[in-house]
Amino acid sequence: MSGWNRSTSRVASCLRSPGFGARRRTGRWRHFLALVLATSLLTPAADVAVAEEPPAGEGLRIAQLERSDPVDFGREVLPILQRNCLACHNENDASADLVLETPAAIRRGGDSGPAVVPGDASGSLLLSVAAHREEPIMPPEDNEVRAKNLTAGELGLLRLWIDQGATGQLGRAAVSLSPPPATLRPVFGLAMTPHGDFVAAGRANRLAVYHVPTGRTVAQLSDPALVGSASGEAAPAHLDIVQSLAASSDGRTLASGGYRTAKIWRRAPLERVRTLKLRIREGPAADTAETTTRKDAKSVLALSDDGRFAALVAPGNTIQIFDLVTGHVERTLVGHVAAITDLAFRVEGTQLASTDADGRVRFWNIADGRRLAEFAAGEASDASAAAASSASANATDGPNHIAINNNGTAHVIRQADGERVAELRTDAWARRKVAQARQATALAERIRGWAEYDRNEVAKMATRAQASVQQAALALEKLTQDGTGPADPRYLAAVESLEFRTSDLKRLTKDVVEAQGVVDEKTALRDAAKERLAQREKEAEAARVPLVSASIAAGGAEVVAVDHDGRLYTFAATDGTPIDRGAAPTTTSPVAVAGNAAGQIVTVASDGTVEIWQGGRWSLARTIGGLEAPELLVDRVTALAFSPDGRHLATGSGEPARSGELKLWDVETGELVRHIEGAHSDSVLDLSFNHDGSLLASCGADQNMRVFEVESGRRVHSFEYHTSHVLGVSWRADARVLATCGADGVVRVWNFKTGNEHKVLKRFEEREVTDVAFLGNSGNFVVGDARGVVGRWDYNGGGGQRLEGSQAFIYRVSASADGSVVAAGGDDGVVHVWTRDGQRLATFE
């Protein structure tokens, strides 16, 4: 069946217009498709003198064309064949062994001989069957792909091309892409990082990254090689529609797919970008105080959003404002009597707000150091109070502040009621590693258990075979004792039976040995996982270091902190979720730290050393392929997957109804590692690695799901029961089971070891089921469908719990590595995030 008329794929893969990528349900895009074909694939106009009438009952009319210039095969003839012939006569699906894609293939012909006789259209089979003047007429009546009879003009063009010699070069047409409209909102690409804290979504040609715990947009990814909009908007991530997304196992790398292109993006670590020493500028008497805070002083620091200025509380309750470019102290502000407790830049960095232990609030002009206003907290207007507390304002829970105890433990405190909002733990990263190691150990134990189960099953078969051999031997012995010899057919049959059963026993005995070897291998892996878990737990015990300073940053969304050893950290102010930590400790022992909304962090040490840090920025690391490099990636990259170790990126693409391309790339170098030839005969729509990266599952518009050995590219299994596009595939963590979903409205669960179907779920009202993802180590998976439903199911068919909130056609679902967090995106451009139990965590539009 031609890709033009199959059920919808996740990417509407059968549309050939490169700039169009909307993955629509069948009824939505068929009318549009007809319009595209009618307007963009018409052959060039030709002068028609007359359409000759065939003899009565002998076929279709053929126009007589009056033109002297040669017919261009690629520009004029091939589009006719694409619309009406290539669905059944292409390199991957050549009915009657006839391929009509190139002049050479047409001249070569198929089972019935050459399709054309160059220079003699009247004697050419291709024209005769297309004009219905010879059997079998083409295209056949009531054909599945809805190919139509050629018009008189098309037949005339075909005849003229043959009479001119049936030659021509099939050049590669230049492709020109136009940016998709800004109103195009569907989320075709969605990826969640392993811890469930970040989720990336593609809309049109733009790519956004969101932080789930704080509910904010942290990045709009931009390719600097592309041009931004006239309004000054940043350049997009892709020139055309973002078709697919994937996140690496470390959570710091993303991959996005577009037309003939895959891009790799990386999140920079928290790194030191500059170090400077404060220099004292001559000033008023107050300036003769020590330039920076002493170790025993209360350290309060603020950083302007543009990163140019920092304000620091100095001894004597003064405030020093210094320039981070020159290191000079620009202003010293004097006026507070009680200890200063908070500082915050405001009004785009032109003013500074300060509060003290007596509740006095002051506003200062940065340019000249003037005091603009002063009042007690109770005297302030609501607007002024809000501005004064902006240094510790949390968008959701109201003003917060940080409390650090003498033992170095720290909490985010809600000022309204004194309640602890979050605990800040420097060992949070080590605890995450413990959780990962615990999950890996449980999985290793389960895999070892399956290996034992397989060994025991083979051993049972060997025991039965042993008994069968003994029975055959006894039967032969009895015949011998009865005097039956080799001349008796019964004797010969008994000998053959004994030989067959003995051979079967030898095979099973060998299988038992091999199965025991697998058990031993999996036992060693389980033991190694246990050792790693023990090591991670030991590391976690030593990872908690006391904090010495912390402050609210990023408009109240984050906390920046520094520990006793000088290492920097960032946390979500909402719940203490770890965000990032410094790649190395600071060179000194900071006594104050502050951050801004741009991700900059500044630390100040007691000796006046200032270190400026930057982290969290996403940037383009590498581009694979390109518009002018179709030999690298064919058509749209509609599927992506990182190997579990993050070293390789698998890409799935393909020309609709022609090919399904599966390639493996080195993430670090961008070099091609492996091209799995002939993986599919139509566009690849989803990819999934198993837990150790040894196997890669792919599915596509050819209605198949296949599993390949990554090392060799060898096909291991092919699963072919879907009746339309297979849109999603996912491995269960132990690699014993896979789940697929498709445009045929079903979810199929497969036993990978046997290759058999385990379960079929048909509870989706015959609507497309667009994506599937197993949750952690469990047997549960989530699916999204055309009804806008995201549901959780058990691989045995139980469950069906709906995650409430989504309404529009769902295209993608994604989950954290442990399955605790689930995300979905669809036709309305909304990204929903829940816990696995359906509690809503965030919504991004």
Review point. What GluC sites (Glu not before Pro) in the stretch 415-510 are in a loop by DSSP, with at most 13 other Cβ atoms within 10 Å of the Cβ?
Key: GLU419
Check your understanding: Hey, any idea what Rg/Rh is for the stretch 176-255, computing Rh the Kirkwood way over Cα pairs?
Key -> 0.98
Point to revise | Cβ-Cβ FRET estimate between ALA104 and GLU58, R0 fixed at 25 Å, reported to 0.05 | key: 0.25
Exercise for review: Stick to Cα atoms and the Kirkwood definition of Rh, then tell me Rg/Rh for the stretch 583-631.
Suggested key: 1.35
Practice item. For the stretch 753-796, just say rounded, prolate or oblate: build the C-alpha gyration tensor, square-root its eigenvalues into a ≥ b ≥ c, call rounded for a/c under 1.5, and beyond that prolate if a/b exceeds b/c, oblate if not. Key: oblate
**Study point:** Whole-number accessible area per residue in Å² for the chain, which is evaluated in the context of all protein chains at 1.4 Å
**Key:** 43 Å²
Check your understanding: At 4 °C and 1.567 mPa s, what whole-number value in µm²/s does Stokes-Einstein give for the translational diffusion of the stretch 408-454, with Rh from the Kirkwood sum over Cα pairs?
Key -> 94 µm²/s
Practice item. In nm, give the distance between the simple-model label positions of LEU492 and VAL334, each being 7 Å from the Cα along the Cα-to-Cβ direction. Key: 12.1 nm
Practice item. Starting at the first residue of the stretch 338-348, write each ³J(HN,Hα) from the Karplus equation 6.51 cos²θ - 1.76 cosθ + 1.60 with θ = phi - 60°, in whole Hz, x for Gly and Pro. Key: 6, 4, 6, 10, 8, 10, 7, 6, 8, 6, 6
Check your understanding: Residue by residue through the stretch 355-365, which ³J(HN,Hα) values in whole Hz follow from phi under the Karplus form 6.51 cos²θ - 1.76 cosθ + 1.60 (θ = phi - 60°), with glycine and proline marked x?
Key -> 10, 10, 5, 8, x, 7, 10, 10, 10, 10, 8
Exercise for review: Take every Cα-Cα pair in the stretch 421-527 and report what % of them are more than 21 Å apart.
Suggested key: 60 percent
**Study point:** In the stretch 678-759, trypsin sites (Lys or Arg not before Pro) in a DSSP loop with at most 15 other beta-carbon atoms within 10 Å
**Key:** ARG714, LYS753
Review point. Rounded to the nearest 0.05, what FRET efficiency do ASN796 and LYS506 have when you use their Cβ-Cβ distance and R0 = 30 Å?
Key: 0.20
Practice item. Return one number: the angle in degrees, 0 to 90 and rounded to the nearest 10, between the long axis of the Cα atoms of helix 489-541 and the longest principal axis of the Cα atoms of the chain. Key: 10 degrees
Check your understanding: At a Förster distance of 41 Å, what's the computed FRET efficiency of GLU631 paired with MET461, Cβ-Cβ distance as r, to 0.05?
Key -> 0.25
Check your understanding: In deg cm²/dmol, rounded to 500, what helix-only [θ] at 222 nm does the chain give when every DSSP H run of at least 4 residues adds -39500 (n - 2.57) and the total is split over its residues?
Key -> -6500 deg cm²/dmol
Exercise for review: Filter the GluC sites (Glu not before Pro) in the stretch 619-688 to those in DSSP coil with at most 13 other Cβ atoms within 10 Å of their Cβ, and list the result.
Suggested key: GLU628, GLU631, GLU668, GLU671
Check your understanding: All other residues with a Cβ under 15 Å from the Cβ of SER248 taken together, and with Lys, Arg as +1 and Asp, Glu as -1, what is their net charge?
Key -> +1
Check your understanding: Using alpha carbons only, how many degrees (0 to 90, rounded to 10) separate the axis of helix 152-163 from the longest principal axis of the chain?
Key -> 70 degrees
Revision key, fill the gap. Hydrodynamic calc, the chain: Kirkwood Rh from Cα pairs, then Stokes-Einstein at 20 °C with viscosity 1.002 mPa s, so D in µm² s⁻¹ is 68 µm²/s
Point to revise | All Cα pairs of the stretch 704-845, percent lying beyond 19 Å | key: 48 percent
Point to revise | In degrees, nearest ten, helix 26-40 long axis to first principal axis of the chain (Cα) | key: 80 degrees
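The values are calculated or read from the model by the stated rules, or taken from the named source; none is laboratory data. It should be emphasised that the depicted structure is a prediction, and the values quoted were computed from it without experimental measurement. Cβ coordinates were reconstructed from backbone atoms using ideal geometry, including for glycine residues, and neighbour counts include every protein chain displayed. Calculation scope for accessible area: heavy atoms of the full protein, side chains included, ligands and nucleic acids excluded. Shrake-Rupley method; radii C 1.70, N 1.55, O 1.52, S 1.80 Å.
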